[in-house]
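Right, one structure below, let's go through it.
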Amino acid sequence: MAGGDKADVAAAGPIFSALGKVTHVGPPGRGQLCKLVNQCIVAVTIGAVAEGLLLAKAGGADPAQVRRAILGGFCQSRILEEHGKRMIDRDFQPGGMVKMHLKDLDAAVETAQRLGVPLPLTNRVRQLFAELVDAGCGNLDHSALMLRLEAMRGELKQGGHQTWRPLRHD
């Protein structure tokens, strides 16, 4: 995702190719905007996968088998494939850290406000990521959003009352 003059991006193509496939997305600054769009979509999709797997578990289905069953359907995605597996395996070792995703979502929300674009889904997931950071889970993989949803459901209990602050991982 590259912003800039089309001819300049094309001229820099050989350099950019070392980083991967380059797509010109518009004038200067639009590469950063594209990154923010990506982060919004990834965050909301992680939230959707976490909610779906939590619903499966609460309803008595095996979340791993539910994930397996829906991998070939319309909700097939890299997020369901990779982060869904992390959620099921309880493997929250960082790939994309919660605190870094929160930083990007803060930038996306600020940009959206400046442009007058409502982002209700992104804002809600951003809030949940902020709660994870506040609980000391900022260095976990962003698939750890599942932990926050479980806490909201009351699944994470200690001493007979709902808590999740003791789940510090930083």
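Relative to the dominant Cα principal axis of the chain, helix 120-134 is inclined by about 60°. Could you give the angle, 0 to 90 degrees to the nearest 10, between helix 98-115's Cα long axis and the longest principal axis of the Cα atoms of the chain? That works out to roughly 60 degrees.
Excluding Pro28 itself, calculate the net charge of residues whose Cβ lies under 10 Å from the Cβ of Pro28, where each Lys or Arg counts +1 and each Asp or Glu counts -1. Net charge around Pro28: -1. In nanometres, what is the gap between the two model label sites at Lys35 and Asp5, each 7 Å from Cα along Cα-to-Cβ? Using points 7 Å along Cα→Cβ, the separation is 2.3 nm. Going through [x] 17.1; [y] 17.6; [z] 16.7, the figure that equals Kirkwood radius over Cα pairs in Å as computed for the structure here is [y]. Between Phe74 and Phe16, full extension at 0.36 nm per residue minus the direct alpha carbon distance yields a gain of 17.6 nm.
Each Lys and Arg contributes +1 and each Asp and Glu -1, all at the Cβ; summed about the Cα centre of the stretch 1-119, the dipole is approximately 100 debye. Return the distance in nm (one decimal) between the two label points of a simple spin-label model at Gln65 and Leu121, each offset 7 Å from Cα along Cα→Cβ. With each label placed 7 Å out from Cα toward Cβ, I get 2.9 nm.
Helical runs assigned H by DSSP (4 residues or longer) give the chain a calculated mean residue ellipticity at 222 nm of -17500 deg cm²/dmol, each run adding -39500 (n - 2.57) before division by the residue total. Counting lysine pairs in the stretch 29-162 whose alpha carbons fall under 23 angstrom apart, excluding pairs fewer than 8 residues apart on the same chain, gives 5.
Our note on the geometry: Cα centres of the stretch 64-137 and the stretch 38-55, 5 Å apart.
Rule-based calculations on the coordinates, nothing more; no lab input. Here the structure is a predicted model, which is why all the values come from computation and not from measurement. Here the Cβ is made from the backbone with ideal geometry for all residues, glycine too, and neighbour counts use every protein chain on show.
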